[in-house]
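To start, the structure itself, in structure tokens.
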2 protein chains.
Amino acid sequence: MMERFEIVEKALVKMLDEKKYAALRDILMVMNPSDIAELFGQVPEKSIPLLFRLLPKEQAADTFVEMDTDAQELLIRSFSDNELKEIVDELYVDDAADLVEEMPANVVKRILKQATPEMRRSINQILRYPENSAGSWMTTEYVSLRPNMTVEEAILRIRRQGVDKETIYTCYVTRHRVLIGIVTVKELLLAENDETLIEDIMSTNLISVNTHTDQEEVARMFSHYNFLALPVVDGENRMVGIVTFDDAMDVMEEEATEDMELMGGITPSEKSYLKSGAFDLFKNRIPWLMLLMVSATFTGLIITAFEGALAAQVALTAFIPMLMGTGGNSGSQSSVTVIRALSLDELKFSDVGRVLWKELRTALLCGIALAAVCFAKIWLVDRLLFGNTDITLTVDLVVCLALCVTVVAAKVVGCLLPIGAKAIKLDPAVMASPFISTIVDALSLLVYFLFAKMILKV
Amino acid sequence: MMERFEIVEKALVKMLDEKKYAALRDILMVMNPSDIAELFGQVPEKSIPLLFRLLPKEQAADTFVEMDTDAQELLIRSFSDNELKEIVDELYVDDAADLVEEMPANVVKRILKQATPEMRRSINQILRYPENSAGSWMTTEYVSLRPNMTVEEAILRIRRQGVDKETIYTCYVTRHRVLIGIVTVKELLLAENDETLIEDIMSTNLISVNTHTDQEEVARMFSHYNFLALPVVDGENRMVGIVTFDDAMDVMEEEATEDMELMGGITPSEKSYLKSGAFDLFKNRIPWLMLLMVSATFTGLIITAFEGALAAQVALTAFIPMLMGTGGNSGSQSSVTVIRALSLDELKFSDVGRVLWKELRTALLCGIALAAVCFAKIWLVDRLLFGNTDITLTVDLVVCLALCVTVVAAKVVGCLLPIGAKAIKLDPAVMASPFISTIVDALSLLVYFLFAKMILKV
């Protein structure tokens, strides 16, 4: 699929160069809006308004929604007031609200001027909700039915109103604006009798979200329940809008990206990688690097404090990277697993005991296996193969004991920090690899040198 | 929502203890199958068959599908042949195929015995496709229409056949089994004339996947196009089934989890964290830990080779953890960003030049900023505050030069390895943090000691 698409893309860019507009229009007309929007990312900026004007009206609006913010701004600036009005009229309210949120003030002014008063009101309502809440990404356009309608009346109402609604497949039954039931088009179509009342077939097992529910939780509910849409209600249980599965998919992707970025020690950003300049990337990455570099002062201090021991047993220094590395890897394994389980809601704070017990046993298994292999490796490879005679059996023992203890400590720190972060309402992903590494690095050095002092008496 | 659910859960477990079955049944009847399945994870195993038998027939099947494999097996073993037949009859083909794939042989035999011959055939067809392909998670139950039907006939057909179909909202128009168009129920309902022919309103801009398309790509297409369902065709373009958005959401979650696990140096597993025993976790984690521990032999060798230099300038040892740590963090920042962009299809192999150029500039900015701060920190904190007189201005200079070069090298390695992996069809995520760390660790030590040799003449 994707490869085929690249071929089409190249052909279109060529037709644009050769000014074959009629043929271009014919092809664009049968293309999917998402693909057209992607195509716009590949053509020279100045061709975008021209290409866009080749699209039929409704397809133009669908494509517009899928484009990235920069291209949208460029287009709006090139639009006449009339052209802008045509696009704004075709937009769903939630998309219009997104647009208003992202455009600079003077562009926003022009957009709102072209919107109908009703749409302006809806946009403003959506913009009042906190960012990343269900209220801020809901749409206010849904099909509402009354409980005393018949199936036939309901279908008639959908046929009349449906054209402007983002989804018609789930309909919401309200009384005095309060949500009392849900009925799907499938249920309406499959109802045996056209005279059946909606209240007799509607489902009253209502699962809804609040306008202030966080988008991450909303996305989780979609993947848990497999719904097409979820109703959004206000504090008084009055229905104010719906959120749809396609937005939930975007949120799921966004949240997973954000978690990965945090795990990698990057400040999350909404810009895609290729759109971010070197300076953007620098800004997102330098804070953690700086913090972790400075916090490595501790490991430096520990080494300085044990300089005597290292001088007395020169072989010890060679194993520092292995110890710290294995400790760091062990810790990040636990933290990644726990962070993901927390994000997917598989773990709660009350599971902390079970997690700790599980990690302790896993850590002991890993620690013992690693120490055993390490012991053999040091003796066979470092001592016998490479002939490093500084390595004695006691040095080997110290390294492997320290390794085992470090792995256990790292896994415990790695699982407890994210759960602790969650408990004090911080994002568990912030506690991942880089931050845990620093703690584990210091711990592993301390353990190592203490064993060296005790056993080697250095 | 989630908190409220926990309260319900506790109440239900209590009612079960007190044997209040009638009340329990009333509550279960209005609960969502996903929630009931979750509840089953919280009650003692021996109560599951009892609770399950309280459910009405159709809800029972929906709940069964949402349960985890262990509980499903337990239930099937407790079912009579009649009970099993009732459940199997209610299952959609794709769910039945999943079940057959996951159950032990003797259970599978019982399931297939209760299935209708037609379902057995469909199950076998689905099971022939490679794991993780569109064919293996499609369902063969969809609404197909003929191009010469009228809108009225089409709606009638949906009303007759729809009850057994997983989704009725997207209908597929076929001629000689070849897919020629798509029409949605929304389009059918909103058509102005009941006599309009399907071929006149169907969309012929067909986006389909092949039975062998990988599930990751299928999921990406869902999030790109926002479809409810995608048609699956065979090598001759004949329609064989559909995949639906809810399965795509599960795949997206699975793939993100898998990427995170690989980034954290864990062999991905489909078992959830709390279901995995300590030995499972050990098996998933030990291979990478072992490999990385053994590969740390290189860093050990490098240090041993430069033992003379370290003995001559004792202050150098103290900065090894900081250098390796900052290098590792810089590298994993780049690799995480690039791996995620590759997974989301934002990057192609042909972008390698742009990526390298972007990372080089970012790396230089980061390297210079870190080196400058590090230089000041070492002088002010380590030398002046802690009075470590082994640190001279030249030592400080060596450390900071090595830091800057290490950061640049780490970022280049971090961005190139995942792209290289993709080019040779390996999973880019395998190239992430732990693997990159090992390379960067060795590089940073080499750079450090070479600078020390050149500048400090040790």
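The values are calculated or read from the model by the stated rules, or taken from the named source; none is laboratory data. Note that the structure is a prediction, hence the values are computed from the model and not measured. Using ideal geometry, Cβ is built from the backbone for each residue, glycine included, and neighbour counts are taken over all protein chains shown. Only protein heavy atoms, including side chains, enter the accessible area calculation; ligands, DNA and RNA are left aside. Shrake-Rupley method; radii C 1.70, N 1.55, O 1.52, S 1.80 Å.
So, in region A:401-458, exactly how many residues are touching a Lys or Arg at 6+ places or on another chain (Cβ under 7 Å) and closer than 18 Å to A:Glu307 by Cβ?
0
Based on what the data block shows, is A:Asn226 on the phi > 0 side of the Ramachandran plot and within 13 Å of chain B (Cβ to nearest Cβ)?
Yes; evaluated as a whole, the condition is true for this residue.
Being farther than 14 Å from A:Leu323 by Cα and in contact with a helix residue (DSSP H, G or I) (Cβ under 9 Å, 6 or more places away or on another chain) is the filter here; which residues of region A:378-410 pass it?
Just the residues of region A:378-410 that are farther than 14 Å from A:Leu323 by Cα, to begin with: A:379-394.
Across region A:378-410, the qualifying residues are A:Trp379, A:Val381, A:Asp382, A:Arg383, A:Phe386, A:Asn388, A:Thr389, A:Asp390, A:Ile391, A:Thr392, A:Leu393, A:Thr394.
Right, B:Gln59: within 30 Å of A:Asn210 (Cβ to Cβ), of a type in the set (S, T, N, Q) and not in a helix (DSSP H, G or I) or not?
no
Quickly run through region B:143-196 and pick out the residues that are among the acidic types (Asp, Glu), under 35 Å from the mean Cα position of the chain (by Cα) and not in a helix (DSSP H, G or I).
B:Glu166
Can you tell me which residues in region A:312-328 are facing another protein chain (nearest Cβ under 7 Å) and either more than 43 Å from the chain's Cα centre (by Cα) or modelled with pLDDT under 85 (or both)?
A:Val314
If you take the residues in region B:359-389 that are under 13 Å from B:Ala318 (Cα atoms) and open to solvent by less than 60 Å² (accessible area, probe 1.4 Å), which one is farthest from the other protein chains (Cβ to nearest Cβ)?
My answer is B:Ile378.
Given A:Thr299, A:Thr304, A:Thr257, which one is within 9 Å of another protein chain (Cβ to nearest Cβ), open to solvent by less than 10 Å² (accessible area, probe 1.4 Å) and either in a helix (DSSP H, G or I) or at pLDDT 90 or above (or both)? Give the steps one after another, and end with the answer.
Working: A:Thr304 fails: open to solvent by less than 10 Å² (accessible area, probe 1.4 Å); A:Thr257 fails: open to solvent by less than 10 Å² (accessible area, probe 1.4 Å).
Matching residue, one of A:Thr299, A:Thr304, A:Thr257: A:Thr299.
Is region B:308-318 home to any residue that is under 30 Å from A:Glu253 (Cβ atoms) and open to solvent by less than 10 Å² (accessible area, probe 1.4 Å)? Outline the logic, then answer.
Step one: list which residues in region B:308-318 are under 30 Å from A:Glu253 (Cβ atoms), which gives none.
Scanning region B:308-318 turns up no residue that is under 30 Å from A:Glu253 (Cβ atoms) and open to solvent by less than 10 Å² (accessible area, probe 1.4 Å).
Out of all the residues in region B:385-400, which are of a type in the set (D, E, K, R) and touching a residue at least 40 places away in the same chain (Cβ under 8 Å)?
Here is the first cut: in region B:385-400, the residues of a type in the set (D, E, K, R) are B:390, B:396.
Result: B:Asp390, single match.
Return yes when B:Asp396 is over 31 Å from the mean Cα position of the chain (by Cα), under 30 Å from A:Ala312 (Cβ atoms) and either more than 8 Å from chain A (Cβ to nearest Cβ) or among the β-branched types (Val, Ile, Thr) (or both) and no when it is not.
Yes; evaluated as a whole, the condition is true for this residue.
Among the numbered criteria (1) in contact with an Asp or Glu (Cβ under 9 Å, 6 or more places away or on another chain); (2) among the charged types (D, E, K, R); (3) more than 10 Å from chain B (Cβ to nearest Cβ); (4) more than 26 Å from A:Gly414 (Cβ to Cβ), which one does A:Lys275 miss?
Unmet condition: (3).
For A:Leu84, indicate whether it is assigned to a helix (DSSP H, G or I), without any contact (Cβ under 8 Å) to a residue 24 or more places away in the chain and in contact with a Lys or Arg (Cβ under 8 Å, 6 or more places away or on another chain).
For A:Leu84, the condition - assigned to a helix (DSSP H, G or I), without any contact (Cβ under 8 Å) to a residue 24 or more places away in the chain and in contact with a Lys or Arg (Cβ under 8 Å, 6 or more places away or on another chain) - is not met.
From the list A:Ala409, A:Ala369, which one is assigned to a helix (DSSP H, G or I), of a type in the set (Gly, Ala, Ser) and without any contact (Cβ under 8 Å) to a residue 12 or more places away in the chain? Lay out the reasoning, then the answer.
Numbers: A:Ala409 fails: without any contact (Cβ under 8 Å) to a residue 12 or more places away in the chain.
None of the other options fit; the residue is A:Ala369.
A:Thr69 is checked against (1) over 24 Å from the mean Cα position of the chain (by Cα); (2) open to solvent by 40 Å² or more (accessible area, probe 1.4 Å) and fails just one. What number does that condition carry?
Just one mismatch for A:Thr69, condition (1).
For region A:236-252, check the following and say yes or no: at least one residue is more than 10 Å from chain B (Cβ to nearest Cβ), surrounded by fewer than 19 Cβ atoms within 10 Å (Cβ to Cβ), modelled with pLDDT of 85 or more and more than 30 Å from A:Val173 (Cβ to Cβ).
Checked against the condition, which is being more than 10 Å from chain B (Cβ to nearest Cβ), surrounded by fewer than 19 Cβ atoms within 10 Å (Cβ to Cβ), modelled with pLDDT of 85 or more and more than 30 Å from A:Val173 (Cβ to Cβ), region A:236-252 yields no hits at all.
Here's the yes/no breakdown for (1) of a type in the set (S, T, N, Q); (2) surrounded by fewer than 15 Cβ atoms within 10 Å (Cβ to Cβ); (3) within 11 Å of another protein chain (Cβ to nearest Cβ):
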site: B:Met149; (1), (2), (3): no, no, no
site: B:Arg160; (1), (2), (3): no, yes, yes
site: B:Tyr169; (1), (2), (3): no, no, yes
site: B:Arg177; (1), (2), (3): no, yes, no
site: B:Val185; (1), (2), (3): no, no, yes
site: B:Ile198; (1), (2), (3): no, no, no
site: B:Ile201; (1), (2), (3): no, no, no
site: B:Thr204; (1), (2), (3): yes, yes, yes
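Mind telling me which of the residues A:Lys271, A:Lys283, A:Lys275 ends up being in contact (Cβ under 8 Å) with a residue 60 or more places away in the chain and under 21 Å from B:Trp357 (Cα atoms)? Don't jump to the end; show me each part of the working.
Working: A:Lys271 fails: in contact (Cβ under 8 Å) with a residue 60 or more places away in the chain; A:Lys283 fails: in contact (Cβ under 8 Å) with a residue 60 or more places away in the chain.
Checking each option against the conditions leaves just A:Lys275.
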